[in-house]
Amino acid sequence: MEAAPVFNCKNADDVLKAVRDYNVSFIQFWFIDILGTLKSFQITPNELEASFEEGMGFDGSSILGFTRIEESDMVAIPDPTTFQLVSWRPTERPVARMFCDVKNPDHTPYEGDSRYVLKRMLAKAAEKGYTYYVGPELEFFVFANAQSPQTLDAGGYFDAPPLDLGNDIRRDIIFALERMGIQVEYSHHEVAPSQHEIDLRYAEGLAMADIATTYKVVVKEVARKHGAYATFMPKPIFGENGSGMHVHQSLFKNGRNAFFDPKDPHSLSAECKSYIAGLLRHAREFVCVTNQWINSYKRLVPGYEAPVYIAWAQRNRSALIRVPMYKPGKEAATRIELRCPDPAANPYLCFAVMLAAGLKGIEEGYELTPAVEKNIFAFTEKDFDAHGIEALPGSLYEAAMALKGSALMKECLGEHVHANLVENKLKEWDAYRTHVSEYEIKRYLPIL
């Protein structure tokens with residue numbers, strides 16, 4: 001079987017040539033709404049050349065968080081550097097995809113476009129000489145169907161077959177990712193039954209947001225081909241670990257890792273320490289973006305490896321931020337890991353708010369508090385007070401109100417996305433808090 005091509009298109013001409021050479025049948029135009037839900041429409045090759053020059057119009061009033069109906073005209077401009085053949089479709093007349101930048105009719109950037117929000121933050125970092133690199137670890141579950149969390153195996157962390165029955169699914173996911181030019185570092189069974197992780201090679205922020213979006217589609221499509229259902233729901237099974245998206249991140253300047261200082265005892269530069277301090281100080285403000293669902297806060301509770309306490313450490317996995325020590329003293333490997341995000345987040349907004357918080361720490365010279373290397377889950381109230389440790393919001397409502405009151409997040413997201421996101425999350429909370437659950441019926445109806 002001939003290996004699938006991996007494209008490295010630089011411009012529209014490269015894309016047009018690839019479409020001709022590989023007899024591409026349709027080109028999917030991808031973009032996402034403010035919650036990170038993938039939206040797509042497809043065009044024929046005949047429309048492709050004009051789309052690079054003029055874009056393709058669509059009705060933005062039907063997309064969550066986009067425009068009002070009287071301002072509905074939007075234009076999708078394809079990014080030629082994102083051209084790849086989709087790896088789960090037949091190869092006889094292949095289908096390709098490109099991510100799009102959403103524009104106003106006059107081709108100015110649309111402020112409700114999540115990709116634009118991230119591009120704006122990356123440009124701010126670039127003005128300071130920084131390139132932002134991220135490497136997310138997106139965990140997921142594979143169930144029998146989408147109606148109930150029926151597990152397919154009883155495997156645990158790093159278990160091998162026969163306990164791990166998802167090995168073939170993970171293998172096919174990896175092959176499908178590689179056919180789309182996405183580099184995979186390793187994969188394994190995670191802690192909970194039917195839970196898996198595939199780690200991606202780190203990349204520049206915008207490229208990685210595109211990759212993370214593609215990854216989620218590939219995971220679901222490959223699982224479906226195996227007759228199963230993959231989900232990025234943060235906490236689908238009561239009493240088991242949920243799925244996280246630990247995000248490794250670093251800043252490079254002039255080709256060197258700005259987080260690395262060989263003279264520091266922990267090899268961390270002053271910039272890195274201020275970046276960590278920025279994440280810690282603004283964590284309560286951005287957690288509604290990194291953990292944006294009611295269900296996210298069923299995962300963010302003590303006892304299931306998810307960090308809820310705002311502190312940092314090196315080896316301690318109960319802290320919100322960890323400095324991995326796999327290769328101590330090695331410049332290229334120096335990075336920090338934010339452990340609260342979950343894989344159901346919008347990756348563009350998620351990366352943008354983390355970068356905004358970290359840059360704020362550097363700009364203002366935030367002082368980093370001492371590392372906490374003890375198990376924070378075992379702390380008493382006295383211990384928390386002694387270390388000055390706060391907790392993340394315990395509910396979506398609390399997180400949405402912290403986001404609503406954050407000047408930094410409003411600046412990062414832009415007023416349009418900020419207001420629409422807060423409004424959507426408060427509506428979700430109202431729908432949840434007025435719902436009478438099976439838990440309440442079973443607990444209260446027989447006794448009240």
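Observations on the model:
- Ala391 vs. criteria in contact with a helix residue (DSSP H, G or I) (Cβ under 7 Å, 6 or more places away or on another chain) and among the small types (Gly, Ala, Ser): no
- Meets criteria (among the acidic types (Asp, Glu) and modelled with pLDDT of 95 or more) for Asp14: yes
- The stretch 85-115, residues that are within 24 Å of Gly60 (Cβ to Cβ), part of a loop (DSSP other than H, G, I, E, B) and free of Cβ contacts under 8 Å to residues at least 60 places away in the same chain: Asn104, Pro105, Asp106, His107, Thr108, Tyr110
- Qualifying residue in the stretch 336-355 (condition: over 22 Å from Gly255 (Cα atoms), surrounded by 19 or more Cβ atoms within 10 Å (Cβ to Cβ) and of a type in the set (Val, Ile, Thr)): yes
- Scanning the stretch 294-308 for residues that are modelled with pLDDT of 85 or more and crowded, with 20+ Cβ neighbours inside 10 Å yields Ser296, Tyr297, Arg299, Leu300, Pro307, Val308.
Yes/no per residue for (1) polar (S, T, N, Q); (2) under 22 Å from Leu349 (Cα atoms); (3) assigned by TED's automatic domain parsing to the domain that holds Asn104; (4) at pLDDT below 95:
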| site | (1), (2), (3), (4) |
| --- | --- |
| Met1 | no, no, no, yes |
| Ala4 | no, no, no, yes |
| Val19 | no, no, yes, no |
| Phe29 | no, yes, yes, no |
| Pro45 | no, no, yes, no |
| Glu54 | no, no, yes, yes |
| Phe58 | no, no, yes, yes |
| Ser61 | yes, yes, yes, yes |
| Leu64 | no, yes, yes, yes |
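- Only one of the numbered conditions (1) of a type outside the set (Gly, Ala, Ser); (2) in contact with a Phe, Trp or Tyr (Cβ under 7 Å, 6 or more places away or on another chain); (3) surrounded by fewer than 16 Cβ atoms within 10 Å (Cβ to Cβ) is not met by Glu47, and that is (2).
- Qualifying position, being assigned by TED's automatic domain parsing to the domain that holds Tyr229 and surrounded by 15 or more Cβ atoms within 10 Å (Cβ to Cβ), among Phe158, Phe143, Phe99: Phe143
- Of Phe58, Phe7, Phe66, Phe41, all but one fail to be farther than 26 Å from Leu177 by Cβ and over 22 Å from the mean Cα position of the chain (by Cα); the exception is Phe58.
- Each residue in the stretch 34-57 was checked for being in contact with a helix residue (DSSP H, G or I) (Cβ under 8 Å, 6 or more places away or on another chain) and either assigned to a loop (DSSP other than H, G, I, E, B) or among the aliphatic types (A, V, I, L, M) (or both), and 7 of them qualify.
- Boolean, Ala378 is small (Gly, Ala, Ser) and touching a strand residue (DSSP E or B) at 6+ places or on another chain (Cβ under 7 Å): no
The values are calculated or read from the model by the stated rules, or taken from the named source; none is laboratory data. All values reported here derive from a predicted model rather than from experimental measurement. A quick note on method: Cβ atoms are made from the backbone with ideal geometry, for glycine too, and the neighbour counts reach across all protein chains shown.
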